[in-house]
Amino acid sequence: MYDRYSFSLPKEKIIRRFEIKVPGTIEPQYNISPGNTISVITDLQPKQLTKAVWGISENRKTPIHKVFIKQDTQKTTPQTTQFLTQRCIILADGFYLWKKVSYKSRIPYRITLKWNMPFAFAGVWQYESHNNNQISCAMITTDANELIAPIATKMPLMLPLEQEKTWLQTNTTLPEILPLIKPYSSDQLRLFPVSGQINQLDMNIPEVTLPSQPTDQFGNYVLFE
């Protein structure tokens, strides 16, 4: 499972890091889950932060919040190609994965850049069918890198800083986009266990981002992983 992440950068630092305008106030989000309103930058407004709902519904009972594209793919499905025509980046500073250690037990882990800097996931967006003033988005995922492979087979598509603008350029073609779809380098990431409090969706507190002794979703300490 990799459908939780965080973004807690203060407004002033968002403006400097992403070189954008940030209207209104920004609240830290330490435990983001599908259905939440999140901070994105779209190809339509690349110089301004936009708020989007995480999960594209398209009249489905279950909204799409992740779109998997295999690394080094040479082609995409028509659905994916259509998705990739409206691109965005999803602002983040870490994400969470759960490692299965037994039939029932799973340990939460957090993944960040080694130097704890903010970054962006590749995403796609569209207008909500019932409200053209509201957009929704989905996160692009791809094959897991060496660091994450022991825990999960897939990971969010993290964009290196120099590729963020390429992803957002409206004149970027699909053949130019596909080479960007690859796992982020393992040697630039760190992974560590966090508190089982992250399992509770309402625990939007900084403590869930901190290293912790491994515990499963029931709060039981795990001696051997």
Across K13/K165; K51/K100; K70/K165; K114/K165; K47/K154; K13/K66, pairs whose alpha-carbon gap is larger than 25 Å: K51/K100; K47/K154; K13/K66
Cα-based equivalent ellipsoid of region 4-209: semi-axis lengths in Å, sorted from largest, via gyration tensor: 24, 21, 18
Distant-in-sequence amide H partners of V67 (H built 1.01 Å from N, under 5 Å): M139, I140, T141
Under 5 Å, built H, 5+ apart or other chain: amide partners of Y109: L97, W98, K99, V194
Formal net charge of residues neighbouring N204 (Cβ-Cβ distance under 12 Å; K, R +1; D, E -1): -2
Ordering of 200-210, 47-57 by packing [mean C-beta count within 10 Å, highest first]: 47-57, 200-210
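No value in this document is a laboratory result; all are computed from the given coordinates. The shown structure was predicted, so the numbers you read here are calculated from the model rather than taken from an experiment. FYI the Cβ positions are ideal-geometry reconstructions off the backbone, even for glycines, and counts take in every protein chain you see.
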